[in-house]
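Undergrad: Sharing a structure, written as structure tokens. Questions coming.
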Ligand SMILES: Cc1ncc(COP(=O)(O)O)c(C=O)c1O
């Protein structure tokens, strides 16, 4: 007699693939002597004064849940930070929510606003979670190809061409992962114009806002009439080297924050208490450490981009985040083949561009948040590899 076994995973789960980045790094973890330009996280430990604040709080026994919205002091500090940085007013009690990183912010934002079948427009390539979170929320991702020729900027006309009566939102993330692209205020204003005309919500992931080199970051919510329709996501992982503390935030209209909060209170309860204490210290006195790290990243960025171009991997100049995104098309390999062969033959880990969407094919992501010595050694190994595979 045959027994019918129910399918263990939902239809939505079956539509999404495991992250291409993680799969690749399981392979890296099993090898020795690898130089990793792979994982997108700072090589710095969190600045000591931030760690110390969290250690003291634990010593004092501050180990309980916080308010579901996040510690009032942290929300007030963030509200002040957004006012000082962008002249934006967010009420810390109703328009601001502390999340478990921007990762939770993307999940909450998509689940809070989407109904089944709603379409969400986003750039391709883009950060790995945008597409999957939209699918998990029952929506349909609509990808807009971007390319090296236009510095991986998202064009307002390309968005406009994809708007239908099902379009609910646009997700953007500048400075961008994986490309390092930033967008000028003018170009973002063109996107805002499309959003306004079609009454679209804009989810703006600005986790790399502080990591820009020689240009000014534009916060999307500062564009005319955009504050009410923007869900701004920010976090501490990258700028303050705090990936493991798991703290981010979302700001939006009262109505949207209330909707996101409903999901957050049942699924997360509150972001980690120690992390929130650390985030308060980061906001109060982390500025100097951030500036030092940015200067360091900038030195590495210049070496990385110049080096990649020199070894025959054309790379546009990324003005933000800590990624270079060179073209590997000249080798005739796919980006997965390139990354896998480079790892096995030269022990350098990069991430295949295809992990970030079809538009990433033909590129690899090189994270330069690693020491200059390692970057130089990695470039020399990659140069040898490219010479061997040049067509
Ligand atoms: C663009 C982007 N958004 C969000 C995240 C997730 O960050 P968090 O650590 O705040 O969850 C990352 C992490 O790599 C990222 O690159």
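Values quoted throughout were computed directly from the atomic coordinates according to the rules given, and no laboratory measurement underlies them. What you see is a predicted model; the values in this text were computed from it and never measured. Glycine also receives a Cβ, built like all others from the backbone with ideal geometry; neighbour counts cover every protein chain displayed.
Undergrad: List 245, 48 from most exposed to least, where exposure is judged by having the fewest other Cβ atoms within 10 Å.
TA: Ascending Cβ contact count within 10 Å gives the list 48, 245.
Undergrad: Still on this structure, I have one more. Can you give the three extents of the C-alpha atoms in the stretch 84-242 along their principal axes, from longest to shortest, in whole Å?
TA: 39, 38, 29
Undergrad: If you don't mind, another one. Rule-of-thumb check for the stretch 183-329: C-alpha Rg over 2.2 N^0.38 Å?
TA: 1.23
Undergrad: What is the P(r) of the stretch 239-391, as percent of Cα-Cα pairs per 5 Å bin from 0?
TA: Going from the shortest bin to the longest, the percentages are 2, 8, 14, 16, 13, 11, 11, 11, 8, 5, 2, 0.
Undergrad: Related question: With a ≥ b ≥ c the root eigenvalues of the C-alpha gyration tensor of the stretch 95-140, is it rounded (a/c under 1.5), prolate (a/b larger than b/c) or oblate?
TA: Oblate.
Undergrad: Shifting gears a bit: Shape of the stretch 21-81 from its Cα gyration tensor (a ≥ b ≥ c, root eigenvalues): rounded if a/c is under 1.5, otherwise prolate when a/b > b/c, or oblate?
TA: Prolate, because a/c is 1.5 or more and a/b exceeds b/c.
Undergrad: If I build a Gaussian network model for the chain, linking alpha-carbon pairs within less than 10 angstrom, which residue out of 15, 265, 345 has the largest mean-square fluctuation?
TA: Judging by the Gaussian network model, the answer is 15.
Undergrad: Taking a label point 7 Å from the Cα of residue 372 along the Cα→Cβ vector, which residues of the stretch 285-323 have an amide N closer than 12 Å to it?
TA: In the stretch 285-323, the label zone of residue 372 (backbone N under 12 Å from the point 7 Å along Cα→Cβ) covers 296-304.
Undergrad: Which of rounded, prolate, oblate describes the stretch 1-156, given a ≥ b ≥ c as roots of the alpha-carbon gyration tensor eigenvalues and a/c under 1.5 marking rounded, otherwise prolate only if a/b is larger than b/c?
TA: It is rounded, given that a/c, with a ≥ b ≥ c, falls under 1.5.
Undergrad: Now for a different question. Provide the percentage of antiparallel DSSP beta bridges, counting only those with both residues in the chain; round to the nearest 5.
TA: 40 percent
Undergrad: Pick from 232, 344, 69: which is most flexible by mean-square fluctuation in a GNM of the chain where alpha carbon atoms under 10 Å apart are linked?
TA: 344
Undergrad: Say each of residue 345 and residue 55 gets a label point 7 Å from the Cα, pointing the same way as Cα to Cβ; how far apart are those two points in nm?
TA: For the pair residue 345/residue 55, the computed spacing is 4.7 nm.
Undergrad: Please report Rg (one decimal) and Dmax (integer) in Å for the Cα set of the chain.
TA: Rg and Dmax of the chain, Cα atoms, are 21.1, 70 Å.
Undergrad: Taking springs between alpha-carbon atoms closer than 10 angstrom, which of 263, 172, 375 fluctuates most in the Gaussian network model of the chain?
TA: Highest fluctuation among the options: 263.
Undergrad: Right, something else. Whole Å is fine, so just give me how far the alpha carbon centre of the stretch 108-168 lies from that of the stretch 268-338.
TA: Centre-to-centre (Cα) distance: 23 Å.
Undergrad: Find how many whole Å separate the alpha carbon centroid of the stretch 210-237 from the alpha carbon centroid of the stretch 43-88.
TA: If we compute the Cα centre of each part, the gap is 20 Å.
Undergrad: Still on this structure, please answer the following. Listing 84, 107, 118 from the residue with the fewest other Cβ atoms within 10 Å to the one with the most, what is the order?
TA: Ranking 84, 107, 118 by Cβ neighbours within 10 Å, fewest first, gives 84, 118, 107.
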